[in-house]
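Notes to accompany the following structure.
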Amino acid sequence: ADEVKSDLASRQRLEFGSLGLTSADARCLAALLASLGPAVDFTALDLDGNPLGNAGLAALVAPLEAGALNSLEELGIAHCGFGYPGLHALASAWARSRPFRLKALRLGGIRTGGPLEIS
């Protein structure tokens with residue numbers, strides 16, 4: 001596990017696009033990233049094309065709150081099978097997060113089940 005943490009902490013880009021990652025996989029990745037906290041310095045996270053769903057997207061809140069996404073400039077979460085609840089969970093956590101460096105956000109294929117309600 002220490003080797004995996006060391007490898008992740010040294011990367012600039014994490015490319016996990018279209019690997020079939022599920023919400024359970026997202027929770028595992030999120031827990032690993034959260035355990036690293038601000039020690040990670042990657043600028044891009046690609047999760048495009050994975051069936052993460054709302055639960056998988058919401059799992060990314062933990063590493064965000066732990067500071068593991070502080071240097072993130074690019075996030076790819078297009079066509080991940082989530083809807084407004086998952087997007088809201090992530091956006092709300094990001095709004096509370098500092099610093100905010102995100103420059104590119106790939107969204108597409110959001111499953112809408114009605115109007116977006118933000119409270």
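Considering (1) more than 12 Å from the chain's Cα centre (by Cα); (2) surrounded by fewer than 17 Cβ atoms within 10 Å (Cβ to Cβ), the lone condition that Gly49 does not fulfil carries the number (2).
Counting only residues that are closer than 23 Å to Gly81 by Cβ and in contact with a Lys or Arg (Cβ under 8 Å, 6 or more places away or on another chain), which one in the stretch 10-44 is modelled with the lowest pLDDT? It comes out as Leu32. Taking first residues from the stretch 20-33 that are closer than 22 Å to Glu3 by Cβ and of a type in the set (Gly, Ala, Ser) and partners that are open to solvent by less than 40 Å² (accessible area, probe 1.4 Å) and outside any helix (DSSP H, G or I), the Cβ contacts under 8 Å between residues at least 6 apart in sequence or on separate chains come to Ala26/Leu47; Ala26/Asn50; Ala26/Leu52; Ala26/Leu60; Ala30/Leu60.
Against the definition (more than 20 Å from Ser6 (Cα to Cα), touching a residue at least 24 places away in the same chain (Cβ under 8 Å) and not hydroxyl-bearing (Ser, Thr, Tyr)), how does Gly37 come out, yes or no?
no
Is it fair to say Ala78 is assigned to a loop (DSSP other than H, G, I, E, B), touching an Asp or Glu at 6+ places or on another chain (Cβ under 7 Å) and of a type in the set (A, V, I, L, M, F, W, C)? So Ala78 fits the description; yes. Among residues of the stretch 59-74 that are farther than 13 Å from Ala93 by Cβ, those with a Cβ under 8 angstrom from a residue that is crowded, with 19+ Cβ neighbours inside 10 Å and charged (D, E, K, R), sequence gap 6+ or separate chain, pair up as Glu74/Asp46. When the residues of the stretch 71-87 are filtered to those that are open to solvent by 40 Å² or more (accessible area, probe 1.4 Å) and in contact with a helix residue (DSSP H, G or I) (Cβ under 9 Å, 6 or more places away or on another chain), which remaining residue is modelled with the lowest pLDDT? For the stretch 71-87, the residue satisfying everything is Tyr84.
Residue-by-condition table, conditions (1) under 15 Å from Gly17 (Cα atoms); (2) hydroxyl-bearing (Ser, Thr, Tyr); (3) touching a Ser or Thr at 6+ places or on another chain (Cβ under 7 Å):
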| site | (1), (2), (3) |
| --- | --- |
| Asp41 | no, no, yes |
| Leu45 | yes, no, no |
| Gly49 | yes, no, yes |
| Leu52 | yes, no, yes |
| Ala55 | no, no, yes |
| Pro63 | no, no, no |
| Gly67 | no, no, no |
| Ser71 | no, yes, yes |
| Pro85 | no, no, no |
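The values are calculated or read from the model by the stated rules, or taken from the named source; none is laboratory data. Here the structure is a predicted model, which means the values were calculated and not measured. Virtual Cβ from ideal backbone geometry, glycine too; neighbours counted across all protein chains shown. Please note that ligands, DNA and RNA were not included when accessible areas were found on the heavy atoms of the full protein model with its side chains. Shrake-Rupley method; radii C 1.70, N 1.55, O 1.52, S 1.80 Å.
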